[in-house]
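**Q** Below are the structure tokens for one structure; questions will follow.
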Amino acid sequence: MEKVNGKNLLGINGAGRIGKLTLWNHLMNKHFGGIVVNVGRVVGKDFDALIHNITNDSTYGSLKTFLYGHSGSQKEIIRIIDSDKKLVEMNGVPVQFLQTARNPRDIDWSGNNVQLVVDCTGQFLDPTVGADNAKGSLRGHLEAGAEKVIASAPFKIKDSTQKMPKDASMMVYGINHLEFDPRTHHILSAASCTTTGLSHMMKPLLEAPETANILTASMSTIHASTSTQSILDAVPKTGTGDLRKSRSVFNNIIITSTGAAKALEKIIPEVQKIGFMADSVRIPTNTASLIILNLTFHSPVNDIGEPVVTADLLNDIYKQAAEGPLAGMLEFSMQQNVSADIIGRPSAVVIEGIETHTRTGFMGIKPELLKSFGIETQQDIMIPVCHAKIFGWYDNEYGSYVNMLAKLTEYVDKKM
């Protein structure tokens, strides 16, 4: 493929949930002059099967409806340019499909003039693995001709003795994407859907003086099902520690783990000083998830003994962020939302303001303990401590994650 109107081309590796929706997003935004999608294998019996799969989705409907709504769903948006070369025009954007290479180093990015690749396979997440690895690696994309690659999942360095390479970094748009240096960074991770939502919930609190002093934090994500779970009960794979993920996703609420807290430390380093716990509860829905964030603050009191950190203060902090630095990424709502209302919502997170709650109590410190710190007193010192509960919705597929991934991708392209 060649550049169109001077616009760069985008490569997408993988056509699963995130790969397909990433394609849809860029077909709508039209930031790139063309898109090359590496599927890596033949889909169905013929090329029509691939087009059918790419243009229909059980969660978000057809591509026509996605782009133009039900009233415009009769609009023809697909034109076959060359079926032998698997070249089509979708919504006015040329799209080339590749179906032969599985290992990133074998994908013809160079021959297709692709400089920026988004790897949506979830298979290549270790930035320390070399391009010559037989099973493939993110660095293989660079060897195949790309200049930058963005993984649509958190990095996972398997060898604990290895450190994060200097040319690799984890970034979330709106949080730390301005740290991208095109001279240094060649391999990026856009973290996860949960980390994306959580980081947008934490950043405003850490930047507000009244709430910056966080003592402890915990998070539970009530998360929609994903393709890593079993449709029906299955026998766990050898070495699997999480037995619950092998149970039927249709019939169960499943407690599992999440790496969101650890990834958050990479995105917002200040979090490292906070005791942060995180877990995930999978539920049988197709998308839209909910973060329940619990925080403990050292909360000062005003002149009349009232706590400074209140639900109103927290909501005001989020309102200001939604109208200011995180506009278009963080949304504040006083509506009574349910998960279906969040599907497709183009925000990293939607704060459910009516459910923000705080309680402030006083923790007494005994004189004998204070004496060990050189403080002489005959009375307990009472320290105000505030516990807060904040709810944040996010569409873990398109609305939150793919939108933020696309914004990061376009930012990187502009800086290249």
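**Q** How big is the gap, in Å, between the Cα center of region 46-123 and the Cα center of region 275-289?
**A** Here the answer is 30 Å between Cα centres.
**Q** Summing +1 for each Lys or Arg and -1 for each Asp or Glu, what net charge is found among the other residues whose Cβ lies under 14 Å from the Cβ of Tyr401?
**A** Overall, the nearby charge balance is +2.
**Q** On to the next question. What FRET efficiency comes out for the pair Lys262/Asn53, r = Cβ-Cβ distance, R0 = 30 Å, nearest 0.05?
**A** Efficiency computed from Cβ-Cβ geometry: 0.30.
**Q** Between rounded, prolate and oblate, where does region 181-253 land on the alpha carbon gyration tensor, with a ≥ b ≥ c its root eigenvalues, rounded for a/c under 1.5, else prolate if a/b exceeds b/c?
**A** Oblate is the answer for region 181-253, as a/c is 1.5 or above yet b/c matches or exceeds a/b.
**Q** Kirkwood hydrodynamic radius for region 194-396: how many Å is it when counted over pairs of different Cα atoms?
**A** Evaluated over region 194-396, this radius sits at 18.8 Å.
**Q** Then there is this: Which FRET efficiency, nearest 0.05, do Val4 and Ala327 yield, Cβ-Cβ r, R0 22 Å?
**A** Here the calculated transfer efficiency is 0.10.
**Q** Also: Put +1 on the Cβ of each Lys and Arg and -1 on the Cβ of each Asp and Glu in the chain; which of Pro300, Trp24, Leu50 then has its Cα farthest toward the positive end of the dipole?
**A** Among Pro300, Trp24, Leu50, the one farthest towards the positive end of the dipole of the chain is Leu50.
**Q** Then there's this: Amide H of Ser189: which non-local residues (sequence gap of 5 or more, or other chain) have their own amide H closer than 5 Å, using H built in the peptide plane?
**A** Close amide H contacts, sequence-distant or interchain: Ala151, Ser169, Met170, Met171.
**Q** Counting only other residues whose beta carbon sits under 13 Å from that of Ile18, what net charge do I get with K and R as +1, D and E as -1?
**A** Value of the local net charge: -2.
**Q** If each DSSP helix of 4+ residues adds -39,500 (n - 2.57) and the sum is divided by the residues in the chain, what number results at 222 nm, nearest 500 deg cm²/dmol?
**A** Counting only the DSSP helices, I get -6000 deg cm²/dmol.
**Q** Then there's this: With each pseudo-label sitting 7 Å past Cα toward Cβ, what's the Ile255-Ser110 distance in nm, one decimal?
**A** Result: 5.3 nm between the two label points.
**Q** Further question on the same structure: Ranking Cys193, Cys386 by Cβ neighbours within 10 Å, fewest first, what do you get?
**A** Listing Cys193, Cys386 from fewest to most nearby Cβ atoms yields Cys386, Cys193.
**Q** Using per-residue counts of other Cβ atoms within 10 Å, averaged over each peptide, order 205-217, 116-128, 395-407, 91-103 from highest down.
**A** 395-407, 116-128, 91-103, 205-217
**Q** May I pose another question? Compute the distance in nm between two label points, each set 7 Å from the Cα along the Cα-to-Cβ direction, one at Asn133 and one at Met164.
**A** If labels sit at Asn133 and Met164, their model points lie 1.7 nm apart.
**Q** Okay, moving on. How large is the direction-averaged shadow of the alpha-carbon convex hull of region 217-284, in nm²?
**A** About 5.2 nm², averaged over all directions.
**Q** For region 133-197 and region 217-263, write down the distance between their C-alpha centroids in whole Å.
**A** So the two Cα centres are separated by 24 Å.
**Q** For region 130-209, rounded, prolate or oblate, judged on the Cα gyration tensor with a ≥ b ≥ c (square roots of eigenvalues), a/c < 1.5 rounded, else prolate if a/b > b/c?
**A** prolate
**Q** When you count, for each residue, the other Cβ atoms within 10 Å and take the mean per peptide, how do 13-24, 262-273 rank with the highest first?
**A** Per-residue Cβ counts within 10 Å, averaged per peptide and sorted highest first, yield 13-24, 262-273.
**Q** Can I ask one more? With a ≥ b ≥ c the root eigenvalues of the C-alpha gyration tensor of region 36-181, is it rounded (a/c under 1.5), prolate (a/b larger than b/c) or oblate?
**A** Cα axes put region 36-181 in the prolate bin.
**Q** Using only the alpha carbon atoms of the chain, find the Kirkwood hydrodynamic radius as the inverse mean reciprocal pair distance, in angstroms to one decimal.
**A** Its Kirkwood hydrodynamic radius stands at 23.2 Å.
**Q** Can you give the extra length, in nm with one decimal, that the chain gains between Leu243 and Asp316 once fully stretched, where that is 0.36 nm per residue apart less the Cα-Cα distance?
**A** Contour length minus Cα-Cα distance gives 22.1 nm.
**Q** Non-local amide H neighbours of Thr258 (under 5 Å, H modeled in plane, Pro and chain starts lacking H): which ones?
**A** Ser280
All of the numbers you see were taken from the coordinates with simple rules; none came from a lab. None of the values given here were measured: they were computed from a predicted structure. Cβ atoms come from the backbone with ideal geometry, glycine included; neighbour counts cover every protein chain shown.
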